Every structure is written in C-alpha cells, then in structure tokens.
1. Quick check: anything in the stretch 346-356 modelled with pLDDT of 95 or more and either more than 18 Å from Phe211 (Cβ to Cβ) or of a type outside the set (A, V, I, L, M) (or both)?
2. In the stretch 196-221, what residues are hydrophobic (A, V, I, L, M, F, W, C) and within 29 Å of Gly122 (Cα to Cα)?
3. What are the residues in the stretch 99-133 that are among the β-branched types (Val, Ile, Thr) and either in contact with an Asp or Glu (Cβ under 7 Å, 6 or more places away or on another chain) or assigned to a helix (DSSP H, G or I) (or both), if any?
4. If I filter the stretch 202-211 for residues that are open to solvent by 20 Å² or more (accessible area, probe 1.4 Å) and within 13 Å of the chain's Cα centre (by Cα), do I get at least one hit?
5. So which of Met76, Met96 is under 24 Å from the mean Cα position of the chain (by Cα) and not in a helix (DSSP H, G or I)?
6. Among the residues of the stretch 169-201, count how many are in contact (Cβ under 8 Å) with a residue 12 or more places away in the chain, over 18 Å from Cys100 (Cβ atoms) and open to solvent by 10 Å² or more (accessible area, probe 1.4 Å).
7. Just for the stretch 434-458: of the residues that are farther than 24 Å from Met481 by Cβ and without any contact (Cβ under 8 Å) to a residue 60 or more places away in the chain, which one is least open to solvent (accessible area, probe 1.4 Å)?
8. Can you go through Leu305, Leu296, Leu269 and tell me which one is farther than 23 Å from Met406 by Cβ, in a helix (DSSP H, G or I) and either free of Cβ contacts under 8 Å to residues at least 60 places away in the same chain or among the aromatic types (Phe, Trp, Tyr) (or both)?
Amino acid sequence: MDLKHQASASTSIKSAIEVQDDRIKHDIFNDKPDLSLKAIRKYFATRFSTLFDIPVLKSEERWYEIINPIPGLKSMSKQDYNFYFLGFLAWSVDSMDFFCVSVSAPDIAKTLNVSITKVTWGVTLVLMFRSVGATIFGLISDYYGRKWPFIVVCFLFIIIEIATGFVKTYPQFLAVRAIFGILMGAMYPIASVTALENQPPKAKSILSGLFLPGYNLGYIFAMIFYRAFENSYKPGEGWRALFWFSSVGGFLLMIWRFFVPESEAFLRLKQSKKILKSHGQITGKGLFKSFDKSILITIRTEWVLFIYLVILMGIFNFTTHGSQDLYVTMLTNQYGISLNQKTVIIVVCNLGGIVGGITLGQLSELFGRRLTILIGTIGAGAFLYPSFYNSKQNYPAYFFLNFFVMGNFGVVPIHLLELVNATHRTFLSGVVYQLGNLASSAASTIEAKLGSNFPIKGGKPGAYNYGKVMCIFSGAIFAAMLVAIILGPENFHRDLKIHTDITDEPLEDDEYDEDYSEEHHSIEKMKVGVEHREEV
C-alpha cells in the first residue's frame, strides 16, 4: 500500500513539475510554427478578417476613453518613468551622434582633405555594422541583463565620440565610425527593451509612439548644436567640438543607469530559465550539460517570424531612407534653398515625425497595430506628390509625409516586442530592425543613380530632378508596405511581463538567487524524497 501511495505521489509531483515547466515555456517562448498545408491556408485566409478585428469594437470603453493617453501615463510609477526616459534618451543621443556626421559632412571633408562622398562612407559604415552590435549586445542583454550592457555601450560611446573629434586622417575617421556603428546597433534594442518591457499595458502604445521618433529628435539636436558649435574651435573645425559635446549625453546616461536597478522583466526571465535549467529543460546533455540551449529553441520557433520581420523592417526603413536621405540634396541642388531655410524646414518636418509617432502610436490602441500602419501608409502616400514637386513652396506637405512615415514607426517598437518571444526579446527585436536597416541603406544611392537620368533642363550642372525619382520610389515602397502588413501577423496587447509562481511583488536581484519560491521549493523537496525512496 505504501509503495502504491509513493508511486502515486511520484506521478503527481512529476505531473505538477511538468505543468509548471510547460507554463513557464509558454510564457517565455513562442510556439513552434505549424507549417502544414492546412495551417498555412488558414493563416492566409484570415489575414483580412484579423486585420479588421478592431480592438475598439470589442472594448467596453468608449473610443475617446481608449485614445486618451492620460490614464495610461498616470498608471506609471516613478520607476517606470525612469526606465522609459533612460531608453528614449539613449536612442535620441544615439541618433544625434549618428547625424553629427550628416550635418557637418562638408566641414569634415575639408578638414580631412577628402570629398564629401568619401565622408558619407562613414555613414554607410555605421549602417553596415549596426547589425553586428545588435547581435552581440542583444544576446548579452538577454543572458546577463539590461543594466550593464547599457552602461558599457554608453561608456564606449563616450570614448568613440571623443576620439572622432581628434581624428587626423580619413582612415582614422572610418575606423571610429565603424566602431560607432556597432555601438549604435547595440543601443537600439537595449534602449527599446529598457523603455517598454516593464510598462503598464495602457501606457505601452503612447510610449512606443514617442520612442522611435526620438531618432528625429536626435536629428534636430545635431542640427541645432552644429550651428551652435560651428565657430567654437578652429575655423572650419567646429565639428570637432560638436563630437566632444555629444559625448556628454552618454556620460549622463551612464551615471543615471548606474543608480537604477535591473529590469524586473529580466529578473523574472532569469528566474524562469533557472527553474527550467534545474529540470534539464533548456540544458544539453553530457559535456553540454551546462550549455544554455534556449537560443536553439528560439531558432526552431522563431525562424519563420524572423524572416518575415527582416523583410518588414527592410520595407519600413526604405520608407524613411527613400523619403528622407536625398531630401536636403533635393532642396539644395534642385530648388536652391538657403542653409537657414533648410534648417527651419528640417527641424519643423522632423517635429512632424515626432507628433506623428505619438499620434499613430496611441491610435493603434483603437485599431490595432497592423490596421494603424495600413492607415499611416495610405496617409503618407497621399502627400507624396505635393512633397516632392515644387518643394520650395510645398514643404508643409513634407511635414505631413513625415507625420505618417514616422507615425508608422511609432507603432514598430511595441509591434516587434509583442511578436517576438521573451527569452531573446532584445536580440530578436534588435537584429531584425538593424538587418532591415542594412537592406535599405542603399536607398539614397539608388535614388541618386536614378536621378542622374533626369537632368533639369536649363539647370546648373549636376542639378537633377530628384523629386520625381523620390516620389516614384517611395510610392513603390509604400505599396510593398501595404502587402507586407496585410499578410503579416499581429499579437495585439500581448503581455510583455513574465509571470512565474515566485511572487507578485517586485523582487531585487539577490532575491532571485535564492530558492525559486516556497511552492517550488516544496515540490523539489518532495521530488527528491520520492526519488530517494524509489532508489531504496
């Protein structure tokens, strides 16, 4: 009788452990994709029905209550605001450092005695190396935490920005910009996860809407401070002081992050993986017993989604590069607009991008992520023609083009985080974004090449109809965006927090290093006792 009770208890305990493990795996991993013909047919048959499965129609709240961001912002704690602005400002400073080269390219070229085209290779190198940084630091952040990778990247930013201000030769310039590319790629995923993964559900859309347009804010900062430091150093070398000044942002962020604790979401992920490791769920066998094979599970479950998201992010980044990269060149060469007027246009239109991100980000609470991006793409298409034809007078239309293009980008951070799994959230969201960026980095080169086929009659040598090319090119990209969004998945309002049976209260890092929970500890003790009796 005792043996029967022991066997029954053993079965019950093992069953409880298996249920717990399955719950944890469901929490931190996505399901393996079903690639059967039946599942594929069902998926594509539901693309339109799911697109118009509008959240506001299923909510008990009124539409004006849902779109009101104030309750969501009020639900944030001081620590939530700490995390958000750490991430948002890190991305903005990152962007400012990137655009410091763009706005001062003529001065850098003159100082280093090279052409402007060669200086722009520094920009290209940044784009090329961003995916390297996203891969390396994304994995580090997912395995070791958000806090210290953030601090390390900020510290390296400081060194590279100061070093850029001291370069004497063109090869030195290229070297420091390549390293900066790695750091810029590293900062985006760490910053986005820091900013968004711990936030209350009601606040996520508005916070996502503001996050990526921080890129526009960085552009504005670069333009403003370039004018401020233009004559602050040796004649024609004010750009050096601009880079030295830009290192201050990294220093302040590094100090700030040092005094903010580790992300609770990561600590819960760490604890969840610790439970699975103790049961051999995510570790190898034999010589590989200590190897964390969670990345292999992620590859098995995310590879289809990964390919789709790289394509989607490539199209997304083509919308910005295609509509923005040659815009200043067009204003200068095609329309002869002065530097002061260009500065005003760029600042105002980038403000349009920031407003658009906030607006469409929060609008996605009403319509969902995919339908909001669809609306934004159609809106952007409506302003293509007036933005690029007679831009000297129609530049207000470019404000609205930026409004919708960057409005779509306002939905991107939360859309990505809701789709990828929690285990490699930083790695996956960062790499797909940066690979998409890499794929689209040739947009300006393509447009410039096509533009050379349309010289302006009676214009100055080298004056081409870039507006015509940008309009047609962007129109084709917007059409591709519509197709990609309609065919893609969505996981609206997925809970980004990780739920374990540890406790409902926030835990400190050292608490997670203790026994997982009283419940889990009891199960483990019972399991050991039963195994001992079975051996006897």
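The values are calculated or read from the model by the stated rules, or taken from the named source; none is laboratory data. Computed from a predicted structure; not experimentally measured. FYI the Cβ positions are ideal-geometry reconstructions off the backbone, even for glycines, and counts take in every protein chain you see. Calculation scope for accessible area: heavy atoms of the full protein, side chains included, ligands and nucleic acids excluded. Shrake-Rupley method; radii C 1.70, N 1.55, O 1.52, S 1.80 Å.
1. Yes, the stretch 346-356 has at least one match.
2. Step one: list which residues in the stretch 196-221 are hydrophobic (A, V, I, L, M, F, W, C), which gives 196, 203, 206-207, 210-212, 217, 220-221.
Within the stretch 196-221, Leu210, Phe211, Leu212, Leu217, Ile220, Phe221 qualify.
3. Narrowing the stretch 99-133 to residues among the β-branched types (Val, Ile, Thr): 101, 103, 108, 111, 114, 116-117, 119-120, 123-124, 126, 132.
Across the stretch 99-133, the qualifying residues are Val101, Val103, Ile108, Thr111, Ile116, Thr117, Val119, Thr120, Val123, Thr124, Val126, Val132.
4. yes
5. Numbers: Met96 fails: not in a helix (DSSP H, G or I).
It is Met76.
6. 4
7. So in the stretch 434-458, the residues farther than 24 Å from Met481 by Cβ come out as 452-458.
Checking which are without any contact (Cβ under 8 Å) to a residue 60 or more places away in the chain leaves us with 452-455, 457-458.
Values: Ser452: 49, Asn453: 108, Phe454: 77, Pro455: 82, Lys457: 198, Gly458: 89 Å².
That would be Ser452.
8. Working: Leu305 fails: either free of Cβ contacts under 8 Å to residues at least 60 places away in the same chain or among the aromatic types (Phe, Trp, Tyr) (or both); Leu269 fails: either free of Cβ contacts under 8 Å to residues at least 60 places away in the same chain or among the aromatic types (Phe, Trp, Tyr) (or both).
Answer to the check: Leu296.
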